[in-house]
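Asks: Before I ask anything, let me first share the structure, which is written out below as C-alpha cells.
The values are calculated or read from the model by the stated rules, or taken from the named source; none is laboratory data. The structure presented is a predicted model; accordingly, all values stated were derived computationally and were not measured. Because the Cβ atoms are built from the backbone with ideal geometry, glycine has one as well, and the counts that use them run over all protein chains shown.
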Ligand code: SF4
Ligand code: SF4
Ligand code: SF4
Ligand code: FES
C-alpha cells in the first residue's frame, strides 16, 4: 500500500474542496481525487419558488461569482417568458457583466492565483496571500489594485444595489435604468478599468514572462492536459461572456460543435462519482471515459484559456493583439498548458475593459426604457453565460403561473 | 370517550377573544355544557391580537390543531378591525402551512359571540372529532431541528 | 501587547461573506495591522491540524459564516468554539440559516434525487449517489455526511454575537471589529446592527399613504417598478416592515424590494410569521371571498417570507 496525502481544505479556492492524493510504493502519484465535500441542494429547493426570484436566490451558489448566476438566471427567465429586453436593458446587463468579469479576473490574478506567481510558490505560507503580494509589489502598486477594484464594485452597487448578490435582473429587462448623472462616474471607471487591465498585463509580463523560472513552470509538460474546450462565442466566433453560441473544439483545435443553449442537453451530460458531491460534466456525444484527456474522452475544460481556445479571436482590438501574442509565444492553438490560464485571464480582463468603455460611451444605454413586461405564459427556459470560471447554464421549467417545477444548473468545474 | 382505536387525544390550542368567544366559552362552562378537554383555551384581548407567530409557536410546541375565535364580522369586534385582521392572517397561514408540512385543516377560525355558548361547545366537539380522524400533528415534539 | 488572534471559518456558504471582507478594500489593511489572523481557509494556507494544535481559548474571536449542513462542519465549529474566546456568527447563513435553509422546505432524499438522478443532463444508470464512505482502487474515500436540515450556527454551538446580512455590509464589519478591539460590546447574544426596521430608515417610507390598503399583489416582473414609491404601496411584497435595518436599504436602492436578509428585529423570533401579521393588516378585504382573492395573488409565502430564515422559524423545517 502506498502513501496517502490529504489536502483539506484546499485554500484560496473560492468554494470548498479537498484533494486526496495516493502515491504508489515508489512515491509517484498513482491517483488524485478532487472532492467537493458539500451539497446545499439548490436544484431541489428552488422548486416551488417564484421563477423571477431565481436571480436573487441562485447567486447564493457562489458569492465570488454571484453576478454570473444572477445573469444566467435572468437570461433563463427571458427565455422562460419568451420576452425580449429593450436595447438599453441588454446594454446595461452587458456593461454590468463585464464590470464583474474585469473585477473578478483581476481579483483572481492578484489575490488568488497571484500569490504563487508574484510571491513565489516556495515562500513561507504566512506570506502566500494577498498581503504577501502587497509586500512584493509594494504598497503603491498594491494600493492601485485595491482602489481599482473598489471603484468597480462601487459602480456595480450603484447599478445593481449590491456588488455581492446584485438585484439587477428581471425577466425582460433590468430593475433600474442608468441615469445621465450616473454615467460620468461609470465612464471614469471604464477609463481607469482599461488602464488597470493594461497595467495588470504589464505586471504579468514583467514579473512572470521575464522570469525564466516561471516560464519554465508555465510551459512545463507535467501541466500539459489536452482535452476538449468549451466557450461562448459571438456570430464571428469571438469570445463573448454574456451571450452567443456554445462552441467546443477538440484537443487538436478543430471545431467539434456549435450550438444554441436550447440544445445544451443534447451535447452536455453529467457524471456522478460516489466520492464527490459535485458532478462532472462531459460531452455527451464523445462519452464519459473517466478522468482522462484526449479525443476519445468527453472531458472538456472551461474558463479563460478554454474560452480562448474555443474561439477564433477577441471582439476588441487590444485584447485581440494580446491574444495573438500569447498564442505566438506558446506555439499556436490550442494551448493545453494549464498555467497559461493566468495569462488568458488577463487578456480577458483587457477585453472586458474595452467592452465596458464602449458601452459606457454608448448613448443608448441611457434610454429610460429598460423593461419589457412579460405577457406570455411561462413554461421552460434556458440561459447561459460565461462565468469567470467557465460556462454556466441555468434551465428551469415552471407551471403556467411561473412557479418552478424543475431546475437544472450546470456549474463550471475545472478538471485540472 | 373516543371511538378512535389508537386512543389519540388531540391537543387543540384555542385563542379566544376576551369580549365574545371567551365569554361564550365561559357560558358553556357555567351552563355545564360539556366540551372536550382536548381544547386548551388561551384568552386574548381580541382575535386581532393573535400574531401569526403564536400560531406557529403552538404548532412547533406540538399542538395538533389551533382554533382562533373572535367576535362576529363585520361589526362586533371591540377594536373594530381586529377580527378582519384575524380573518386575513388565517387565510394567509392556511396557504403557507402546507409548505411546512402541516395540513391546513389544523387551523380553524370561528366567530362566536358571548351568547353562543352552545356554538362554542359544538365547534369544540366537532373539531376534536375532526382532528382525531386526521391524526397527530406531524411535528414530533422534542425532536430538534436537524 | 500582543495583537489579538482572529480567525475566519466557513461552513455551508457561498464565499460571499469572504468577499465582503475583501471588499473592505483599503480598510482591510487597518484591520490586518490591529490583529493577527491565525486561520482563514479561503485566503491563507493553514489547515485543520493547525487549529487543533492551538491552545483552548487562544483565539480572541472567530467569525464563522455559512449554515451548518454536514457532520464535518458541526465537528469543526465545535473545535473552533473550544479554541475561541468569542464566536461571531457572520452573515445571514450563519445567523439565520440563510438561503441554504430553504432546503429545509424539502427533504434530503428529494435533494439527492434531484441532484443526481433526475433532470435532463444526469446520465446515471448505476444510480450513484455520493456516499460518506466509498471504496476506490486506492483506498477508502470520505465525504461529510449531510444533515437532515440546514442549521443556523447557534443551533449547533453557543454564539456570542451576530453580524447580519447577505452579504454583510462593510460598515457593519468595521463597526463590529472596532467594538471588539475596544471591548465596547453590547450584551452577549446581540445582533451588531440597528434595532430599527428597514422601513424606519427607507427613503420611500414618506410615499407610503397614512393608511395603506392593498387589494392585489403584483410580482416584481409583472409591473413597471416606480423608483420612488414604497413597494408595498405599489402592491409589491417588501419585507422592510419586519426586517432589521442597517443595510442602507441596498436592494430597495437597486429598485427591488427587500427580501429580509437582515433577519427580524429584537423581540421577534419568527420573521415570516411576523410578516404575515403585518401584511394582513394592509389587505383591503372584509369577507372570506375578498380575502381569499387577495391571498391568491401571493405566491410561495414560505419561500418569500422566510427567504433567509427558515432554519430560525419556530418550526425550523418542513415536518412530515
Ligand atoms: S450570508 Fe450570503 S454572502 Fe454570506 S455565505 Fe451566506 S449566502 Fe453567502
Ligand atoms: S415597505 Fe419596503 S419600500 Fe416601503 S418603506 Fe418599507 S422598506 Fe421601504
Ligand atoms: S434590503 Fe433587505 S434583502 Fe436587501 S440587503 Fe437590505 S435587508 Fe437584505
Ligand atoms: S374584540 Fe373580539 S375579535 Fe376583536
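Asks: Out of curiosity, is residue C:277 in contact (Cβ under 8 Å) with a residue 40 or more places away in the chain, away from ligand 1 (no atom under 16 Å from the Cβ), away from chain A (no Cβ under 14 Å) and under 24 Å from residue B:86 (Cα atoms)?
Replies: no
Asks: Listed residues C:164, C:137, C:169, C:120; which is outside the structural domain of residue C:54 (by TED's automatic domain parsing) and over 19 Å from residue A:278 (Cα atoms)?
Replies: From the options C:164, C:137, C:169, C:120, the qualifying one is C:137.
Asks: Let me ask another. If you go through the range C:99-127 one residue at a time, how many are at the interface with chain A (Cβ under 7 Å from one of its Cβ atoms) and outside any helix (DSSP H, G or I)?
Replies: 7
Asks: Here are A:171, A:166: which of them is touching a helix residue (DSSP H, G or I) at 6+ places or on another chain (Cβ under 8 Å), within 16 Å of ligand 1 (Cβ to nearest atom) and closer than 30 Å to residue A:77 by Cα?
Replies: Selected residue: A:166, the only one of A:171, A:166 that is touching a helix residue (DSSP H, G or I) at 6+ places or on another chain (Cβ under 8 Å), within 16 Å of ligand 1 (Cβ to nearest atom) and closer than 30 Å to residue A:77 by Cα.
Asks: Also, quick follow-up: In the range A:375-398, which residues are over 23 Å from residue A:227 (Cα atoms) and either free of Cβ contacts under 8 Å to residues at least 12 places away in the same chain or out of contact with any strand residue (DSSP E or B) (no Cβ under 9 Å at 6 or more places or on another chain) (or both)?
Replies: Looking only at the range A:375-398, we keep the residues that are over 23 Å from residue A:227 (Cα atoms), and these are A:375-383, A:394-398.
Correct list: A:375, A:376, A:377.
Asks: For residues that are over 30 Å from residue C:278 (Cβ atoms) and buried (at least 17 other Cβ atoms within 10 Å of the Cβ), tally how many sit in the range B:90-119.
Replies: As a first pass, look at the range B:90-119 and keep what is over 30 Å from residue C:278 (Cβ atoms): B:115-119.
Filter once more, so that each one left must be buried (at least 17 other Cβ atoms within 10 Å of the Cβ): B:116-117, B:119.
Total meeting the criteria: 3.
Asks: Still on this structure, I have one more. Can you name every one of the helices (runs of 4 or more DSSP H) wholly within the range A:247-345 that holds 3 or more residues which are crowded, with 18+ Cβ neighbours inside 10 Å?
Replies: By residue number, A:304-310, A:317-329.
Asks: Additional query: Just to be sure I understand, how many residues within the range C:202-245 are in contact with a helix residue (DSSP H, G or I) (Cβ under 8 Å, 6 or more places away or on another chain), away from ligand 2 (no atom under 11 Å from the Cβ), within 14 Å of chain A (Cβ to nearest Cβ) and part of a loop (DSSP other than H, G, I, E, B)?
Replies: 5
Asks: Could you please find all residues in the range C:138-159 being at the interface with another protein chain (Cβ under 7 Å from one of its Cβ atoms) and not in a helix (DSSP H, G or I)?
Replies: Matches in the range C:138-159: C:138, C:139, C:141, C:143, C:144, C:146, C:147, C:148, C:149, C:151.
Asks: Of all the residues that make up the range C:254-268, how many are touching a residue at least 12 places away in the same chain (Cβ under 8 Å) and more than 6 Å from ligand 3 (Cβ to nearest atom)?
Replies: Residues of the range C:254-268 touching a residue at least 12 places away in the same chain (Cβ under 8 Å): C:255-266, C:268.
Narrowing further to those that are more than 6 Å from ligand 3 (Cβ to nearest atom): C:255-257, C:263-266, C:268.
Qualifying residue count for the region: 8.
Asks: Another question, if that's okay. Can you tell me which residue within the range A:151-174, out of those that are within 16 Å of ligand 2 (Cβ to nearest atom) and without any contact (Cβ under 8 Å) to a residue 24 or more places away in the chain, is surrounded by the fewest Cβ atoms within 10 Å (Cβ to Cβ)?
Replies: Out of the qualifying residues, it is A:161.
Asks: In the range B:13-129, which helices (runs of 4 or more DSSP H) lie fully inside it and hold 1 or more residues that are touching a helix residue (DSSP H, G or I) at 6+ places or on another chain (Cβ under 9 Å) and within 30 Å of residue C:304 (Cα to Cα)?
Replies: Qualifying helices (runs of 4 or more DSSP H): B:52-60, B:82-96.
Asks: Search the range C:261-279 for residues being part of a loop (DSSP other than H, G, I, E, B) and touching a helix residue (DSSP H, G or I) at 6+ places or on another chain (Cβ under 6 Å), and hand back the single one that is nearest to ligand 2 (Cβ to nearest atom).
Replies: That would be C:261.
Asks: Taking the conditions exactly as written (touching a residue at least 12 places away in the same chain (Cβ under 8 Å) and more than 9 Å from every other protein chain (Cβ to nearest Cβ)), does residue C:162 satisfy them or not?
Replies: yes
Asks: Find the residue count for the range C:201-225, including only residues that are within 16 Å of ligand 3 (Cβ to nearest atom) and exposed (fewer than 14 other Cβ atoms within 10 Å of the Cβ).
Replies: Qualifying residue count, the range C:201-225: 1.
Asks: Take the range C:173-201 and flag every residue that is in a strand (DSSP E or B) and more than 16 Å from ligand 1 (Cβ to nearest atom).
Replies: If the condition is that a residue be in a strand (DSSP E or B) and more than 16 Å from ligand 1 (Cβ to nearest atom), then C:197 is the only one that fits.
Asks: Just to be sure I understand, how many residues within the range A:234-246 are in a loop (DSSP other than H, G, I, E, B) and either out of contact with any strand residue (DSSP E or B) (no Cβ under 7 Å at 6 or more places or on another chain) or surrounded by fewer than 20 Cβ atoms within 10 Å (Cβ to Cβ) (or both)?
Replies: 5
Asks: Could you pull out the residue among C:91, C:85 that is in contact (Cβ under 8 Å) with a residue 40 or more places away in the chain and in the same structural domain as residue C:19 (by TED's automatic domain parsing)?
Replies: Working: C:85 fails: in contact (Cβ under 8 Å) with a residue 40 or more places away in the chain.
Unique residue meeting the criteria: C:91.
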